[in-house]
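The values are calculated or read from the model by the stated rules, or taken from the named source; none is laboratory data. Just so we're clear, the structure is a prediction, and the values are computed from it rather than from any experiment. As a convention, Cβ positions derive from the backbone with ideal geometry for all residues, glycine included, and neighbour counts pool all protein chains shown.
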Amino acid sequence: MGYQALYRVWRPRQLKDMAGQEHITKTLQNALEQEKFSHAYLFSGPRGTGKTSAAKIIAKAINCEHAPVREPCNECRACRGISDGSVVDVIEIDAASNNGVDEIRYIRENVMSAPRDISYKVYIIDEVHMLSTGAFNALLKTLEEPPKHAVFILATTEPHKIPLTIVSRCQRFDFKRITTKALTDRMNYIISQQEWAAEEEAVQLIARAAEGGMRDALSLLDQASSFAEDTITSDDVLAITGAVSQRFLAETIRSILAGDTSAAVRAADRLIQDGKDPVRFMEDVIYYLRDMLVAKTAPNVDEILDRVMVDDAFKELTGQAELSWIYKVLNELNTHFQQMKWSSHPKIFLEMALIQTAYVSSGRTEPAQGREVSSVSSDTYERLEKKIEQLEQKLNKVKEAPASEKTEENPSSQAPKRKAAPRTGGSQALGNDGKVRETIQGASREKLQELTGQWAAVMQKVKQTSVPGHAWISDAKPVATNGEKLILAFQNEMHRSMVDTKFRDAIESSIQEVTGRSLETVTLLNQQWEKVKQEYKNQQPASEEKESEPEKDPFVDEAIKLVGEDLLEIKD
Amino acid sequence: MHFTIQRDAFVHSVQHVNKAVSSRTTIPILTGIKIEATNYGVTLTGSDSDISIETFIPASDGEKEYVTIKEEGSIVLQARFFAEIVKKLPGEEIEVAVQDQFATTLRSGSVVFNLNGLDPEEYPRLPQLDEDNHFQMPQNLLKDMVRQTVFAVSTQETRPVLTGVNLEGEESELICTATDSHRLAMRKASVETKTGAMSLSNVVIPGKSLNELNKVLEDSTELVDIIVTESQVLFKFENLLFFSRLLDGKYPVTKNMIPDHAKTELVLRTKELLSSLERALLLSREAKNNVINLKTMNNSEIEVSSVSAEVGKVTEKISCDTMEGEELRISFNGKNIMDALKVIDSETIKIRFTGAMSPFTVQPTDHDQMLHLFSPVRTY
Amino acid sequence: MKWTEMEVEQPTVMTMLRQAVKKDRLSHAYIFEGMHGSRKEEAALLMAQSIFCARQTEGRPCESCVECKRIAHGNHPDVMFLHPDGDSIKKAQVEALQKEFTYKGMEAGTKVYLVHQADTMTASAGNSLLKFLEEPASPTMAVLLTENAHFLLPTIQSRAQRISFAPPLLSTRTAYFQEQGMSPASAGLLARLPDETLANYEEESKEWIVQGRALVIQLISEVQQRPQQALLTLQEKWLVHFKDRKELDIGLDLLLFWYRDLLSVQKAGGEFAYPDQMQKLESQALSITEQEIAASMQFILDAKRRLRANVNNQLLMEQLVLHLQEGS
């Protein structure tokens, strides 16, 4: 186990090696050269941006035997001593494990004694935000009147937690997230130095996953190279980051854009099976959308894209999506994302979120009550009261429904389309044989599935057009379709004939509206359907049964697959 | 495994190894004492993983039979019970036998204990002894060296390596160093090497282990063997082995810290300076910084003073045996100097200054085997 | 747990680890992230074994030598474990560990420590671990085990290589519970519950979960058909059965699985939590839109979240049932 992590091997040893922080390194270099450095620095910035590295470089530069210099020589006794930790006058304090007043007092007492080996005592206090209030006060005393031979460098990822009295006594430098370009440049350099090989896309993927932290980037590169067989490929990177490919992200977003919930749910399924992290995935989707937003508002500025590599799919999606759509979907996903992190069922959460978002996105939903409610979750009592009220109203409506037979004619624009649908008369239940056969011939389980999946929405539409219609039809079940015709099976002849004669239009137009497809409905009684199904089955050669078994109920199939024939009692 | 053993010898041995066993260990097997019987005798081992103590009871030492081995083998028994049990057994002899599944019977007189043992295979292995770095010194010298250095180790965990005493060895000279980065104590001694030239560097023994070792060391001139391995150091006594793990990390190079010239040089009587500092500290202890000022006067005298803003001020003049070089005013941590003076056994000491803001040394006048180094304190 | 068995369960992960051992490219810090039951603990031990094992071949430990046995029994002096003390891993524990690591290895010079439930580290414990994680003085390997790496400090995350374990297959878990003597129906439900919820119920849950299941089915059909009755059932049965917060959380999970099943019915696929209720599921699936299912799922997830925020149980359930009624 003699291996040392890349980010430690390649820690910058001079200011000029520090990637992406030119605004800081330039200033520091000049200060060092002119010996105008401060007695206290505060380095703040996200993880892996070089705060501690810069602190160590400064410690070396001011103590270097060749000082004043812009950069430490890393050769002289002082530099080497500081590097290997054998010089006792450069004191690194980890504020997290030494956050007590005692430790800081210890510094205070000892800061007075002169440096032993080199010219300046340097105190590097890492994670300084972890100091307790008492310790901060003690430190403040020292910072107020530091001896000439002492330099304090405070480093933190959370500068807002540091008292202003401390901040105001330090020269403050804010380290920035390192740009993707700076990260890839540095990684490519290291890859060539290590004599490794890597696909350009793989390096890009790492850089984007690293979120501006050099250490993250090099950790990932390390991991990828130990995992990779030979050349580091993008697949290797995806395997170790648990991320999904950009293609997969694009597909998911495309299905949201198209309002294709099935595809979205399938994507969630595949994700889990591949052992990917749903939370991470959600985050990636959000970032992808964010980049779409950026690309849309500021085209041709690829560098500011956070995660995405501009490819055809990205361009296509960006071209397709409306700005308002992106806002809407981003907003929706972000709300879910916040809660998802704390959920113990991230997969279900993901599916739910994707479905909801697909609906919001397609705008083909009347804002369902559910949506309203989800946005309001406080003032419980008021909500409850309101809900109960609504419920009562609903109940009343249901009670009244059979009485009021008024069939509101739907004045929607669907009317002409409805007429365009092929209409053949003959609505006698038993006179439908021809059509039934025809339907069965071309029937496919997928089509039926698609329809039954949306059946509830169809029913709702029907209800909107005609409440009694909905009541009559609620007993029916779609049993087969060939894409042009739909067979509805009823329990009860009265229901069947009512629907067939009076509400056919309402149903067909609702189907048209929900599925965007016009279907002619053929009505049957359950017994008749069973008979037809049986006849048809007998005609088919056994070998082909699998493909041409439209009458087989997909739900039952599915259930049988799961639990076996013995367990399942099929009631029709 | 099956043997009978003299109770007294056994009890004595068990007590020794039990010192190393800690009840707070997280490693289950280390709650036990390992017993190993060979035809030569019985070996006991106890460890808290930082230190390990191994004792050996020979089958006989020419005068007396201690152990009768009936079958060789080994077992690990729960230290807490085992140590108590053997102490309370009534007979002169104890019979120890291991049956299947590490079940162990202790029999003495008419008393029978059945104990559940642990698999001896799982007990940590003590390091293979590397004969390369092997030397000897009298116990009392080792005891002195420990006493004269270990006080200066750091108690701060910020630099863990400073919590130990560093061993350096060249040819037949052994150098022990301890520092908390404000003071440094160094002690040299020449030792008997067993394997020609010795070459030690960066061997850091935890101060805590040395304090434990001190309890085992006796004030005799009997020789103790010291063997250094990659990760442990072994102090080998007759029938007792004391192992300590070493500290990790690079010990600061101390050689070139010691100034080779002096601008001011004083020779003082140890006791006189010590009691003077004690008095001065009465006040500066109050100020919690232990700062004491020292000033050279014209007539081979120095003035030791200390001020406490709340309490007051103390000054005292001490005459030096000799004083050479420039005039000097310097401030230092008096407590640190006192610690050092307490371990210097010589009558007189020599203090060498290289300037008010540079480190200074304190060493005995009668030999150059010991040196103490201090950083001054800036008081303005 | 054998390495070869692990390779079947977690092929990607085990390849990663094996490659690292084989190529001598082990990182000084790993985060093993995966659901309960994804066997990350076993994988960590196996990796430790392959580091110390003298007869390691192609990165796989022999699992029979003294080294391997000692690691498996927690007796290896250079392999250390950190478990939460009570609810969390405290700073003092990390310090004790740190102290241990200022010493050289007891035997091999290489040291390994496994931090279980690393996400329970307090902020100060986590920050204390940082420095040490980054700059171990000697060959050291840290493995932080967690169900959710998001809960670790970002600065810790960036210092470690993250290894994500695939969740255990539902079928594997179901089979496991059936072996434990559960009926297929309740095994399927148990397999879906997160382990941390299950931990306390393993033994007495058998009957309890069967009854709970029946209650879910009853409640759902009442929500659909007899709304007034549903509130009564809540009061008389549901809240009596799912008494405290923890139990109610399970109840909500069971409800959630029902709606997930509805979705499966509509999407024609997936493994069902209530396979014996196909009749009910099918008929309900015809009367509820996909969007309503999603909304219902959200209501339940919402309720679960609020449950943690100490909302009155009864109020919470009543509100949920009313919401669900709108959606069905």
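Things worth noting here:
- Count of the range B:164-204 residues which are within 30 Å of A:Arg108 (Cβ to Cβ) and in a strand (DSSP E or B): 11
- Checking each residue in the range A:30-82 for being touching a strand residue (DSSP E or B) at 6+ places or on another chain (Cβ under 8 Å) and either part of a helix (DSSP H, G or I) or not assigned by TED's automatic domain parsing to the domain that holds A:Phe152 (or both) picks out A:Lys51, A:Thr52, A:Ala54, A:Ala55, A:Lys56, A:Ile58, A:Ala59, A:Ile62, A:Asn63, A:Ile82.
- Residues of the range B:227-249 that are assigned to a loop (DSSP other than H, G, I, E, B) and within 14 Å of chain C (Cβ to nearest Cβ): B:Thr229, B:Glu230, B:Ser231, B:Leu246, B:Asp248, B:Gly249.
- Of the residues in the range A:524-545, at least one is farther than 15 Å from A:Glu438 by Cα, among the acidic types (Asp, Glu), modelled with pLDDT under 75 and assigned by TED's automatic domain parsing to the domain that holds A:Arg437.
- Condition met for C:Val265 (away from every other protein chain (no Cβ under 14 Å) and part of a helix (DSSP H, G or I)): no
- Candidate set from the range B:343-365 (those that are within 14 Å of chain A (Cβ to nearest Cβ) and in a loop (DSSP other than H, G, I, E, B)); member that is surrounded by the most Cβ atoms within 10 Å (Cβ to Cβ): B:Pro359
- B:Ala185 being within 19 Å of B:Pro138 (Cβ to Cβ), modelled with pLDDT of 90 or more and hydrophobic (A, V, I, L, M, F, W, C): no
- Subset of the range A:1-39 that is free of Cβ contacts under 8 Å to residues at least 60 places away in the same chain and of a type in the set (Val, Ile, Thr) - its residue that is nearest to A:Arg186 (Cα to Cα): A:Val9
- Filter pass, C:Leu281 being over 22 Å from A:Pro346 (Cα atoms), facing another protein chain (nearest Cβ under 7 Å), aliphatic (A, V, I, L, M) and without any contact (Cβ under 8 Å) to a residue 24 or more places away in the chain: no
- The set of residues in the range A:48-103 that are among the small types (Gly, Ala, Ser) and either modelled with pLDDT of 90 or more or under 24 Å from A:Arg177 (Cα atoms) (or both) comprises A:Gly48, A:Gly50, A:Ser53, A:Ala54, A:Ala55, A:Ala59, A:Ala61, A:Ala95, A:Ala96.
- The range A:480-496, residues that are surrounded by 17 or more Cβ atoms within 10 Å (Cβ to Cβ), in contact (Cβ under 8 Å) with a residue 24 or more places away in the chain and farther than 20 Å from A:Gly453 by Cβ: A:Phe490, A:Arg496
- In the range A:272-295, the residues that are among the aliphatic types (A, V, I, L, M) and away from chain C (no Cβ under 11 Å): A:Met282, A:Val285, A:Ile286, A:Leu289, A:Met292, A:Leu293, A:Val294, A:Ala295
- Test for C:Leu301: is it surrounded by fewer than 20 Cβ atoms within 10 Å (Cβ to Cβ) and facing another protein chain (nearest Cβ under 9 Å): no
- Pairs with Cβ under 6 Å, 6+ apart, first in the range A:454-471 and without any contact (Cβ under 8 Å) to a residue 24 or more places away in the chain and in a helix (DSSP H, G or I), second buried (at least 23 other Cβ atoms within 10 Å of the Cβ) and of a type in the set (S, T, N, Q): A:Ala456/C:Thr289
- Set side by side, the residues B:Thr315, B:Thr322, B:Thr379 differ, and just one is at pLDDT below 90, outside the structural domain of B:Val191 (by TED's automatic domain parsing), out of contact with any Cys (no Cβ under 7 Å at 6 or more places or on another chain) and polar (S, T, N, Q), which is B:Thr379.
- Scan the range B:308-342 for residues that are within 14 Å of another protein chain (Cβ to nearest Cβ) and without any contact (Cβ under 8 Å) to a residue 24 or more places away in the chain and the total you get is 0.
- Looking only at the range B:91-124, residues that are surrounded by fewer than 15 Cβ atoms within 10 Å (Cβ to Cβ) and over 37 Å from the mean Cα position of the chain (by Cα) come to 11 in all.
- Some residue of the range A:314-326 being of a type in the set (D, E, K, R), in the same structural domain as A:Val360 (by TED's automatic domain parsing), surrounded by 14 or more Cβ atoms within 10 Å (Cβ to Cβ) and in a helix (DSSP H, G or I): no
- Residue within the range A:138-153 that is under 30 Å from A:Ser225 (Cα atoms) and either among the charged types (D, E, K, R) or modelled with pLDDT under 85 (or both) present: no
- Single match in C:Glu107, C:Glu67, C:Glu95 (criterion: assigned to a helix (DSSP H, G or I), within 30 Å of B:Thr229 (Cβ to Cβ) and away from chain A (no Cβ under 12 Å)): C:Glu67
- Residues being part of a strand (DSSP E or B) and over 22 Å from the mean Cα position of the chain (by Cα) - total across the range B:20-54: 11
- Number of positions in the range B:37-48 that are in contact (Cβ under 8 Å) with a residue 60 or more places away in the chain and either surrounded by fewer than 20 Cβ atoms within 10 Å (Cβ to Cβ) or not small (Gly, Ala, Ser) (or both): 1
Quick grid of which residues meet (1) more than 14 Å from chain C (Cβ to nearest Cβ); (2) closer than 29 Å to C:Lys104 by Cβ; (3) touching a residue at least 60 places away in the same chain (Cβ under 8 Å):
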position: B:Gln15; (1), (2), (3): yes, yes, yes
position: B:Asn18; (1), (2), (3): yes, yes, yes
position: B:Lys64; (1), (2), (3): yes, no, no
position: B:Ile69; (1), (2), (3): yes, no, yes
position: B:Val76; (1), (2), (3): no, yes, no
position: B:Phe81; (1), (2), (3): yes, no, no
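- Contact annotation: residue pairs with Cβ atoms under 6 Å, 6 or more positions apart or on different chains, pairing a residue in the range A:50-75 that is closer than 19 Å to A:Asp117 by Cβ with a partner that is aromatic (Phe, Trp, Tyr) and assigned to a loop (DSSP other than H, G, I, E, B), are A:Ile62/A:Tyr120; A:Asn63/A:Tyr120.
- Test: residue in the range C:147-154 that is closer than 24 Å to C:Thr12 by Cα, surrounded by fewer than 18 Cβ atoms within 10 Å (Cβ to Cβ) and free of Cβ contacts under 8 Å to residues at least 60 places away in the same chain: yes
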